[in-house]
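Take a look at the structure below.
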Amino acid sequence: MLKTSLGHSRRISEELVDTKKRAGVVGYFKCAFDAALHRLTELRPLSAQLGAYDLVVVGTPIWNASVSTPIRTFLVQYGAALKNVAFFCTYGGSGNERLFRQMEQVCGRAPLGTMAVRDREVGSPTQDVRIREFVNTLQKATAAR
C-alpha cells in the first residue's frame, strides 16, 4: 500500500511503454547494446503524479549486466521527483548487486529495500519468501519515517 503525502493510501501500477521496437533477435541485440552503452529511449507519458507518493517501487530485468534502457530512462526523467524508492529485479545469471548500484546512481537516491529473483525462482515458493521479506523491509522502513 502506498501513501500519498496527503495521507491517503493508494496503490497504483504504472507500465512503462518503450516506443522503440525490441522484438525478435535483432531487438534482443538492440536491448543488449543499448543497456551496455547506457542509452536512453523515449517512453510514453505516465498518468501518475509520482511526486505525490511516499514510495515508488521500480522493477526491471537485467539487460547485459545493466539497467534496462526503459528503466534507466524512467530513473533519469523522474528520479528527482521520487521521495523514496525501492528496487527489484529478475535475472538469469548474476549482476543484481551491480544493477542496484546503477539504479541508485541514476536515480540519485538510495533504495529503502531491494529484491532480486532469479528467473528459475519465478512462480516458486522461494519467490514468495523473497516478496514477503521485501514487503516487510519496506513496511518497516516507511513506518520509521
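At an R0 of 30 angstrom, the distance between the Cβ atoms of ILE131 and VAL26 translates into a FRET efficiency of 0.30.
Quick one: among THR114, THR73, THR19, which has the greatest mean-square fluctuation in a GNM of the chain with alpha-carbon springs under 10 angstrom? Highest fluctuation of the listed residues: THR19. Across the chain, the relative contact order, built from alpha-carbon pairs under 8 Å that are at least six residues apart, equals 19 percent. With a ≥ b ≥ c taken as the square roots of the eigenvalues of the C-alpha gyration tensor of the chain, please select rounded if a/c is under 1.5 and otherwise prolate if a/b is larger than b/c or oblate if it is not? Cα axes put the chain in the oblate bin.
Ordering TYR28, TYR91 by the number of other Cβ atoms within 10 Å of each residue's own Cβ, fewest first, gives TYR28, TYR91.
Couplings 3J(HN,Hα) of segment 54-69, computed from phi: 6, 8, 10, 9, 10, x, 7, x, 8, 10, 6, 6, 9, 5, 4, 4 Hz, in residue order, whole Hz [Karplus 6.51 cos²θ - 1.76 cosθ + 1.60, θ = phi - 60°; x for Gly and Pro].
Here's how it looks for MET115: its modeled amide H is under 5 Å from those of PHE87, PHE88, CYS89, which are all 5 or more places away or on a different chain.
With each label modelled as a point 7 angstrom along the Cα→C-beta vector, the ARG44-ALA141 pair spans 2.9 nm.
Remark: the Cα gyration tensor places segment 82-133 in the oblate category, a/c being 1.5 or greater and a/b not exceeding b/c. The long axis of helix 24-36 is offset from the longest Cα principal axis of the chain by roughly 60 degrees. By how many degrees, 0 to 90 and rounded to 10, does the Cα axis of helix 96-107 deviate from the longest principal axis of the chain? Result, in degrees: 70. Could you work out how far helix 125-143 tilts from the main Cα principal axis of the chain, as a 0 to 90 degree angle to the nearest 10? Approximately 50 degrees, to the nearest 10.
Laboratory data are not the source of any read-out in this text; all were calculated from the coordinates shown. Please read these numbers as outputs of a predicted model, since none were measured by experiment. Cβ: placed from backbone, ideal geometry, glycine included. Neighbour counts: every protein chain shown.
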